[in-house]
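Asker: I have a structure I would like to understand better, so I am pasting it below and will then ask my questions one at a time.
All of the numbers you see were taken from the coordinates with simple rules; none came from a lab. Predicted model only: the values in this text are computed from it and were never measured. Here the Cβ positions follow ideal geometry from the backbone for every residue, glycine too, while neighbour counts run over all protein chains shown.
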Amino acid sequence: MRDLLFVVLLLLFSCGGVLLPDLFAGFRGLVVPLLVVIMLSMGITLTPADFVRILRRPWIILLGALLQFSVMPLSGFLLALLFDLNLPLTVGVVLVGSAPGGTASNLVTYLSGGDLPYSISMTAFSTLLAPLMTPLWSWLLLGKSVPVPFLNMALTTLKIVVLPVAAGMFLRNLAGDRIRRIEGALPYLSVLSISFIIAVILSLNRDKLLLLGPEATAVVLLHNATGFWAGFFLGKALGLDTKLAKTLSVEVGMQNSGLATVLALKFFSPLSALPPAVFSLSQNLMGILLSSYFRRV
């Protein structure tokens with residue numbers, strides 16, 4: 001029943017973003033505060049011991065970074081070649097594939113019943129690697145290196161992920177059983193928040209969806225699905241349990257599409273920014289729907 005409610009909320013808000021763009025676009029200022037609310041909610045479910053457990057196995061964090069910075073840039077580039085995309089669109093696909101993990105991956109991991117400390121650790125680590133890996137892949141595959149705004153990325157990750165999660169953990173420790181009584185309501189709050197965020201993103205990018213074309217849309221969707229699929233099955237093949245493999249799937253499949261959009265606009269062209277913008281929609285919609293399946297795995 002909960003899965004059905006989550007899907008209904010997601011679809012209702014998605015339709016609202018497409019059909020009522022002027023209404024939802026006006027709420028763009030709420031996106032970051034809602035992300036903070038989501039991460040605060042997740043922090044309430046965690047303890048320091050959860051992170052200690054993950055840090056005792058650093059190789060699984062390295063594995064996540066290795067898959068993210070190999071599967072995603074290479075599969076994006078190969079799909080763009082297979083579908084014969086023009087150069088500006090290929091640039092956008094490669095840039096989003098070369099980006100670090102996105103903060104929405106932490107929410108989808110939470111809703112999937114994955115390992116949240118593992119997800120947060122991978123997001124933070126891939127962000128640290130991005131100033132090296134994103135320019136490297138753009139140079140190898142596109143012939144042009146791009147500078148990555150590391151300080152801004154690090155501060156954003158700190159403000160949107162680390163500090164709210166730490167605050168939630170502090171609240172859990174401070175309030176004890178009283179805060180634990182509301183844990184059952186936190187997934188509903190998180191899904192409502194991300195559904196609203198998706199509606200805002202859709203409202204801001206509705207016209208771009210029409211410009212992308214069927215081939216490029218197919219590349220973005222297949223690229224996104226490849227990340228989810230490869231993360232799970234490669235994780236299982238390399239010995240991870242199902243909970244960690246689900247987490248790896250989400251982390252590999254979900255990228256910092258906002259960074260890719262900014263880089264495309266600054267160093268290439270507006271057309272190159274279309275694939276990352278659509279990838280942002282795809283990963284959130286696909287991720288929430290996938291979480292309904294993953295909870296049963």
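Asker: Compute the acute angle (0 to 90°) between the alpha-carbon long axis of helix 87-97 and the principal axis of greatest extent of the alpha-carbon atoms of the chain; round to the nearest 10°.
Answerer: The angle comes out near 20 degrees.
Asker: Over the chain, what is the mean sequence separation of C-alpha contacts under 8 Å (at least six apart), divided by residue count, expressed as relative contact order in percent?
Answerer: Across the chain, relative contact order equals 34 percent.
Asker: Once Rg and Dmax of the Cα atoms in Å is worked out from the coordinates, which option in [x] 19.5, 58; [y] 20.4, 65; [z] 18.1, 57 does it equal?
Answerer: Looking at Rg and Dmax of the Cα atoms in Å for this model, the match is [z].
Asker: Turning to a different aspect of this structure: Using a cut-off of 30 Å between alpha-carbon atoms, which lysines can reach Lys236, once sequence neighbours fewer than 8 places away in the same chain are excluded?
Answerer: Lys246
Asker: Between Leu211 and Leu20, what is the spin-label point distance in nm, taking each point 7 Å from the Cα along the Cα→C-beta axis?
Answerer: The two pseudo-label positions are separated by 2.6 nm.
Asker: Cβ neighbours within 10 Å, averaged per peptide: list 255-262, 155-162 in order, most packed at the top.
Answerer: Per-residue Cβ counts within 10 Å, averaged per peptide and sorted highest first, yield 255-262, 155-162.
Asker: Right, next: In percent, how large is the relative contact order of the stretch 72-126, given Cα pairs closer than 8 Å and 6 or more residues apart? Please report the intermediate quantities before stating the final value.
Answerer: On the way: 35 pairs, mean separation 17.7, N = 55.
With pairs under 8 Å counted, the relative contact order is 32 percent.
Asker: By average Cβ neighbour count within 10 Å, what is the ranking of 5-17, 127-139 from highest down?
Answerer: The most tightly packed comes first, giving 127-139, 5-17.
Asker: Further question on the same structure: How large is the charge dipole for the stretch 193-297, taken about the Cα centre, if only the Cβ atoms of Lys, Arg (+1) and Asp, Glu (-1) carry charge, to the nearest 20 debye?
Answerer: 240 debye
Asker: Does anyone have the angle between helix 58-82 and the longest principal axis of the chain? Alpha-carbon axes, 0 to 90°, nearest 10?
Answerer: Helix 58-82 and the main axis of the chain meet at about 30 degrees.
Asker: Here's a follow-up. What order, most packed first, do the peptides 55-65, 227-237 have when packing is the mean number of other Cβ atoms within 10 Å of each residue?
Answerer: 227-237, 55-65
Asker: Restricting to DSSP H runs of at least four residues, report the calculated mean residue ellipticity at 222 nm for the chain, -39500 (n - 2.57) per run over all residues, nearest 500 deg cm²/dmol.
Answerer: Calculated at 222 nm, the ellipticity per residue is -26000 deg cm²/dmol.
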